[in-house]
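Engineer: Supplied in structure tokens, the structure appears directly below.
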């Protein structure tokens with residue numbers, strides 16, 4: 001599946017919001033990440049040319065960092081670095097109410113938006129911009145050592 005095919009399959013009620021979300025991430029994600037389909041969704045990864053070890057779950061694939069998905073009930077943003085970066089997580093949780101009137105719907109690294117008309121694009125763009133490729137690789141390697 002390609003990213004274009006994924007976009008074509010997004011439900012009509014989520015399509016515009018999803019496209020806008022992907023555009024904001026494309027604009028803000030630091031240089032060096034590449035966009036590809038990984039685990040069935042548009043993902044921003046550290047390419048194997050930059051990190052040849054790949055992902056520990058499957059060393060044949062690039063190291064995942066950020067992904068977005070249009071699910072049946074919500075649009076999801078996956079940020080792999082939130083769980084192991086307490087200052088970043090605390091910043092996001094503190095900043096969220098400044099952009100939204102709804103309660104934060106979040107798992108360890110998954111942020112869910114059940115209303116496609118209420119997505120804090122600026123906040124997600126800023127979140128996407130906060131970790132460089134080198135910072136993510138360092139964080140990932142530190143987590144893997146534990």
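The values are calculated or read from the model by the stated rules, or taken from the named source; none is laboratory data. In this text, all values refer to a predicted model and were calculated from it rather than measured experimentally. Don't worry about glycine lacking a Cβ; one is built from the backbone with ideal geometry, like all the others, and counts go over all protein chains shown.
Engineer: Within region 56-75, identify whether any single residue is within 18 Å of residue 137 (Cβ to Cβ), touching a helix residue (DSSP H, G or I) at 6+ places or on another chain (Cβ under 9 Å) and either assigned to a loop (DSSP other than H, G, I, E, B) or without any contact (Cβ under 8 Å) to a residue 12 or more places away in the chain (or both), and answer yes or no.
Structural biologist: yes
Engineer: Which residues, counting only those in region 122-146, are in contact with a helix residue (DSSP H, G or I) (Cβ under 9 Å, 6 or more places away or on another chain), surrounded by 16 or more Cβ atoms within 10 Å (Cβ to Cβ) and touching a residue at least 60 places away in the same chain (Cβ under 8 Å)? Let's see the steps before the verdict.
Structural biologist: Looking only at region 122-146, we keep the residues that are in contact with a helix residue (DSSP H, G or I) (Cβ under 9 Å, 6 or more places away or on another chain), and these are 122-131.
Keeping just the survivors that are surrounded by 16 or more Cβ atoms within 10 Å (Cβ to Cβ) gives 123-128, 130-131.
Across region 122-146, the qualifying residues are 124, 125, 126, 128, 131.
Engineer: Residues to consider are 59, 97, 30; find the one that is more than 18 Å from residue 131 (Cα to Cα), surrounded by 11 or more Cβ atoms within 10 Å (Cβ to Cβ), modelled with pLDDT of 95 or more and out of contact with any strand residue (DSSP E or B) (no Cβ under 8 Å at 6 or more places or on another chain). Reasoning before the result, please.
Structural biologist: Details: 59 fails: modelled with pLDDT of 95 or more; 30 fails: more than 18 Å from residue 131 (Cα to Cα).
After ruling out the rest, the residue left standing is 97.
Engineer: Hey, could you check region 44-56 for residues that are closer than 18 Å to residue 3 by Cβ and over 12 Å from the mean Cα position of the chain (by Cα) and say which is surrounded by the most Cβ atoms within 10 Å (Cβ to Cβ)? Working first, answer last.
Structural biologist: Initially, region 44-56 is screened for residues closer than 18 Å to residue 3 by Cβ, giving 44-47.
Checking which are over 12 Å from the mean Cα position of the chain (by Cα) leaves us with 46-47.
Details: 46: 22, 47: 15.
So the residue we want is 46.
Engineer: Surrounded by fewer than 16 Cβ atoms within 10 Å (Cβ to Cβ) and either in contact (Cβ under 8 Å) with a residue 40 or more places away in the chain or within 26 Å of residue 31 (Cα to Cα) (or both): does that describe residue 108? I'd like the intermediate steps shown before the answer.
Structural biologist: Numbers: surrounded by fewer than 16 Cβ atoms within 10 Å (Cβ to Cβ): yes; either in contact (Cβ under 8 Å) with a residue 40 or more places away in the chain or within 26 Å of residue 31 (Cα to Cα) (or both): yes.
For residue 108, the condition - surrounded by fewer than 16 Cβ atoms within 10 Å (Cβ to Cβ) and either in contact (Cβ under 8 Å) with a residue 40 or more places away in the chain or within 26 Å of residue 31 (Cα to Cα) (or both) - is met.
Engineer: Quick one: how many residues across region 33-43 are under 23 Å from residue 73 (Cβ atoms) and either more than 11 Å from the chain's Cα centre (by Cα) or crowded, with 19+ Cβ neighbours inside 10 Å (or both)? Can you show your working first?
Structural biologist: Filtering region 33-43 for residues under 23 Å from residue 73 (Cβ atoms) gives 37-43.
Next cut, either more than 11 Å from the chain's Cα centre (by Cα) or crowded, with 19+ Cβ neighbours inside 10 Å (or both) only: 37-40, 42-43.
Going through region 33-43 one residue at a time, the tally reaches 6.
Engineer: Taking into account only those residues within region 1-27 that are out of contact with any helix residue (DSSP H, G or I) (no Cβ under 6 Å at 6 or more places or on another chain) and within 17 Å of residue 79 (Cα to Cα), which is surrounded by the most Cβ atoms within 10 Å (Cβ to Cβ)?
Structural biologist: Here the answer is 21.
Engineer: Condition (residue is part of a loop (DSSP other than H, G, I, E, B), more than 20 Å from residue 33 (Cβ to Cβ) and either at pLDDT below 95 or out of contact with any strand residue (DSSP E or B) (no Cβ under 7 Å at 6 or more places or on another chain) (or both)) applied to region 124-146: is it met by at least one residue?
Structural biologist: Let us first name the residues in region 124-146 that are part of a loop (DSSP other than H, G, I, E, B), namely 130-132, 146.
Next, only the ones that are more than 20 Å from residue 33 (Cβ to Cβ) stay: 146.
This time we only want the ones that are either at pLDDT below 95 or out of contact with any strand residue (DSSP E or B) (no Cβ under 7 Å at 6 or more places or on another chain) (or both), so: 146.
Yes, some residue in region 124-146 is part of a loop (DSSP other than H, G, I, E, B), more than 20 Å from residue 33 (Cβ to Cβ) and either at pLDDT below 95 or out of contact with any strand residue (DSSP E or B) (no Cβ under 7 Å at 6 or more places or on another chain) (or both).
Engineer: Still on this structure, please answer the following. Only one of (1) modelled with pLDDT of 95 or more; (2) farther than 20 Å from residue 6 by Cβ; (3) assigned to a loop (DSSP other than H, G, I, E, B) is not met by residue 84, so which one is it?
Structural biologist: The failed condition is (1).
Engineer: Do we have any residue at all in region 109-120 that's in contact with a strand residue (DSSP E or B) (Cβ under 6 Å, 6 or more places away or on another chain), outside any strand (DSSP E or B), under 15 Å from residue 92 (Cβ atoms) and at pLDDT below 95?
Structural biologist: Checked against the condition, which is being in contact with a strand residue (DSSP E or B) (Cβ under 6 Å, 6 or more places away or on another chain), outside any strand (DSSP E or B), under 15 Å from residue 92 (Cβ atoms) and at pLDDT below 95, region 109-120 yields at least one hit.
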